[in-house]
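Visitor: Mind looking over this structure? Questions follow.
What follows is calculated from the coordinates using simple rules that are stated; it is not laboratory data. Bear in mind the structure is a predicted one, so any value in this text is a computation, not a measurement. Cβ placement follows ideal geometry from the backbone for every residue including glycine, while neighbour counts extend to all protein chains displayed.
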Amino acid sequence: MAWIDSLSAAQIAAGVVAGEFGATEVARASLDAVECRDAEVGAFLQVSADAALEAAARIDASRAAGDPLPPLAGVPLAIKDNMNLAGTRTTCASQMLASYESVYTATCVQRMLDAGCLPIGKVNMDEFAFGSSTENSAFHPTNNPWDLERVPGGSSGGSAAAVAAGEVALSLGSDTGGSIRQPASFCGVVGMKPTYGAVSRYGVVAFGSSLDQVGPFGRTVEDVALAMNALTAPGRDPLDGTSQEFAVDFCEHLDDGVTGRRVGVVPALMEAEGLAPEVRRAVERAAAQLEQQGAQVVEVELPHLDAAIAAYYVIGPAEAFSNLARFDGIRYGYQEEDCANLAQQSALSRAHGFGREAKRRQMLGAYLLSSGVYDKYYYAAQKARTMITRDYARAFEQVDAILMPAAPRTAFKHGELSDPTQMYLSDLYTISLNIAGNGGISVPLGLGEDSGLPVSAQLVAPAFHDRELLTYARALEVAFGAAPVAPACAQKGGELA
Amino acid sequence: MALTETDVRGIAEYARIALDTDELAEMTAYLNDAVAMLDPILEYADADVEPTFHPIGDLANVVRADAADAGRSLPIDEALKDAASTRGRSFRVPSILGEGGDC
């Protein structure tokens, strides 16, 4: 029999439909892989074995009854712990929500379950998604499956690591400034931030409401396309006012190739200070491959991108401060006991419930929204957003997609970036897309010749051209190969019985 | 002008986050570093463009009839189950004004 990590999500679903193995066997194999691998990787905060086995039993019963099976029947799924799933805790990796039990299920999670996925568990993240390394979790750090001394990236580090370790075939993450694409790059898997509005945010704990977007991780481009179908096919979500109709089949044009397509590269980004030479060379190889497959690679400019990080660190903390004001310790969350009055209870509950970075971001947001400061920074940041969005619009008059790094370097060691403002720079290549709203995908390109760690490229398309992103990503996958399971984890538990 | 610890104490009060003396010093240093990092944005303050507050330009508020929707309402037990302190069918909070303790 096969090992669970040798199969893609598409292969698992096909095997379940064909009766080669049951969904229950898949669930058990995935849970065994978690049991055998996760003590070292630390991707999971909570394993929902009962829910996974119950979902699997329903699929097996459907098959036995001759009912049609959903497209991701029996596929093990990990869920970032800022997404509600009734019957589980949703902690956002924070002491603030350490004992919070979800009373409802996020639309994105429900859609994956409706498509047949098995909820293996909730995975680690930087607290409330504030970070780029998953070191800010209140519970434990997550290790990069390719090198346990290194971080998996963040904030969706658990989602990326669980897929890279072969514990699950698919996972969900959220991306506010790069939190899907950067960990996908560090862990050598495919990670997609769809266009803002493509995927419902209902039931996902909000960080930056004009920036947050949910997206999938997988080891193949096809798996990510299947997940995008599951997330969007039921149509716009009436429970999220920003949810948009996005009626496309993401699998339909995967193998169309890139002949005649125009792909832009941005010289300023390829020459940016801090870009590791091995990453630059990998992106150059990706450009050469696309050209070899018939694309035309041309230079484009995005002249205002240098303002993106500053704009983000105005808009993000301002929105986070507003969103996290709800955590007052009254209706849910950590509550300080024996306080003299409500104001003291709120201030102490928030002081002791939130970790250091969560407090920093909220303090920065509070300052930026305070009288006299707001006009100076907030409007300027939103004007920069206009300019960055226009930059992309102008570039997309010349090209169909843009190729750039996803992260400036490969995974760094735990503790290596201790200065928070230096950590913020690791999102150099991802942040502008959250500002502008269009979609991007991080595609693995093998291992860097200097570090021996995964390197990647990011593809960017105009808003709601996400399906085309998958076609480019597939072209790179054909050239560079599908993402392997991290060697130290492969076939370590998880045999299909 | 750099933020002082007095400034940061005021921001913390506004943000409802109690800071001890060590945290106050660390937060002051952080905020000054972080605000310095934002300097590039000031070049855009006078840009002759409209600000973009949201990626979806024509976003409109979603409204519904001002009536309870039983399908979307939590049973009271469910709504209370994550609260640290409840009394009967209510969330329990300390005194809102003064220092009257529990109420």
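Visitor: Taking H placed 1.01 Å from N in the peptide plane, check which residues at least 5 places from residue A:46 or on another chain put their amide H under 5 Å from its amide H.
Guide: Amide H neighbours of residue A:46, under 5 Å, 5+ apart: A:122.
Visitor: Given contacts defined as C-alpha pairs under 8 Å and at least six residues apart, what's the relative contact order of segment A:4-83, whole-number percent?
Guide: 47 percent
Visitor: Subtract the Cα-Cα distance of residue A:53 and residue A:301 from 0.36 nm times their separation in residues, and report this length gain in nm to one decimal.
Guide: Full extension from residue A:53 to residue A:301 adds 84.2 nm.
Visitor: How high is the relative contact order of segment A:299-382? Use alpha-carbon pairs under 8 Å, at least six apart in sequence, and give a whole percent.
Guide: 39 percent
Visitor: At q = 0.20 Å⁻¹, what log₁₀ I(q)/I(0) does a Debye calculation on the Cα points of segment B:1-92 give, no solvent, two decimals?
Guide: For segment B:1-92 at q = 0.20 Å⁻¹, log10 I(q)/I(0) is -0.97.
Visitor: Here's another thing I want to ask about it. Collect residues whose amide H, placed 1.01 Å from N in the peptide plane, falls under 5 Å from the amide H of residue A:414; neighbours closer than 5 in sequence don't count.
Guide: A:150, A:151
Visitor: Something else: Counting pairs of alpha carbon atoms under 8 Å apart in space and at least six apart in sequence, what relative contact order in percent does chain A give? Display every interim value, and only then the final one.
Guide: Numbers: 1255 pairs, mean separation 101.8, N = 497.
Relative contact order of chain A: 20 percent.
Visitor: Can you run phi through the Karplus equation (6.51, -1.76, 1.60; θ = phi - 60°) for segment A:192-200 and list ³J(HN,Hα) in whole Hz, with x for Gly and Pro?
Guide: Values, residue by residue: 10, 9, x, 4, 3, x, 5, 10, 4 Hz.
Visitor: Okay, moving on. Return the whole-Å distance between the Cα centroid of segment A:140-211 and the Cα centroid of segment A:2-80.
Guide: A separation of 20 Å, based on Cα centres.
Visitor: Another question about this same structure. Starting from the 7 Å offset along Cα-to-Cβ, what nm value, one decimal, do you get for the label separation of residue B:78 and residue A:421?
Guide: Roughly 4.7 nm, to one decimal.
Visitor: Per residue of A:91-101, count partner chain C-beta atoms within 10 Å of its C-beta, then hand back the mean as an integer.
Guide: Going residue by residue through A:91-101 and averaging, the value is 1.
Visitor: What's the exposure ranking of A:471, A:259, going from fewest to most Cβ atoms within 10 Å?
Guide: With the sparsest Cβ surroundings first, the list reads A:259, A:471.
Visitor: Oh, and also: Pop out the ³J(HN,Hα) list for segment A:295-303 in order, Karplus 6.51 cos²θ - 1.76 cosθ + 1.60 with θ = phi - 60°, rounded to Hz; leave Gly and Pro as x.
Guide: In residue order, the calculated couplings are 7, 9, 9, 10, 7, 10, 10, 10, x Hz.
Visitor: Show the residues, 5+ positions off or on another chain, whose built amide H is closer than 5 Å to the amide H of residue A:171.
Guide: A:78, A:217
Visitor: Only helical DSSP H runs with n ≥ 4 go in: add -39500 (n - 2.57) per run for chain A, normalise by residue count and round the 222 nm mean residue ellipticity to 500 deg cm²/dmol.
Guide: Taking each H run of at least 4 residues, the total per residue is -12000 deg cm²/dmol.
Visitor: Let's see if you can work this out: charge +1 on each Lys and Arg Cβ, -1 on each Asp and Glu Cβ, no other charges. What is the dipole magnitude of the protein assembly as shown about its Cα centre, in debye to the nearest 20?
Guide: In debye, rounded to 20, the protein assembly as shown gives about 740.
Visitor: Take the Cβ-Cβ distance between residue A:262 and residue A:390 as r, set R0 to 22 Å, and report the resulting FRET efficiency rounded to the nearest 0.05.
Guide: 0.70
Visitor: Let me ask something else about it. Sort A:90, A:195 so that the residue with the fewest other Cβ atoms within 10 Å of its own Cβ comes first and the one with the most comes last.
Guide: Placing the least packed residue first, the sequence is A:195, A:90.
Visitor: Then there is this: Just tell me how shielded A:332-343 is by partners: mean number of partner chain Cβ atoms within 10 Å of each residue's Cβ, no decimals.
Guide: Whole-number average of other-chain Cβ neighbours for A:332-343 is 5.
Visitor: Suppose R0 equals 41 Å; then what is the FRET efficiency for residue A:337 and residue A:148 from their Cβ-Cβ distance, rounded to the nearest 0.05?
Guide: Efficiency, rounded to the nearest 0.05: 0.60.
Visitor: Among A:179, A:48, which comes first, then next, by fewest other beta-carbon atoms within 10 Å?
Guide: Fewest to most other Cβ atoms nearby, the residues stand as A:48, A:179.
Visitor: While we're looking at this one, here's another question. Between residue B:2 and residue B:97, what's the calculated FRET efficiency when r is the beta-carbon distance and R0 is 30 Å? Round to 0.05.
Guide: My answer for the efficiency is 0.25.
Visitor: State, to one decimal in nm, how far the label point of residue A:373 lies from the label point of residue A:284, with both points 7 Å from Cα in the Cβ direction.
Guide: 4.3 nm
Visitor: Here's something else I'd like to know. Along segment A:206-223, what does the Karplus equation 6.51 cos²θ - 1.76 cosθ + 1.60 (θ = phi - 60°) give for ³J(HN,Hα), rounded to whole Hz, x for Gly and Pro?
Guide: 6, 10, x, 5, 8, 10, 4, 8, 8, x, x, 10, x, 8, 10, 5, 4, 4
Visitor: A further question on this structure: Expressed in nm to one decimal, what extension gain is obtained for the pair residue A:86 and residue A:291 from 0.36 nm per residue of sequence separation less their Cα-Cα distance?
Guide: Here the segment from residue A:86 to residue A:291 would lengthen by 69.1 nm.
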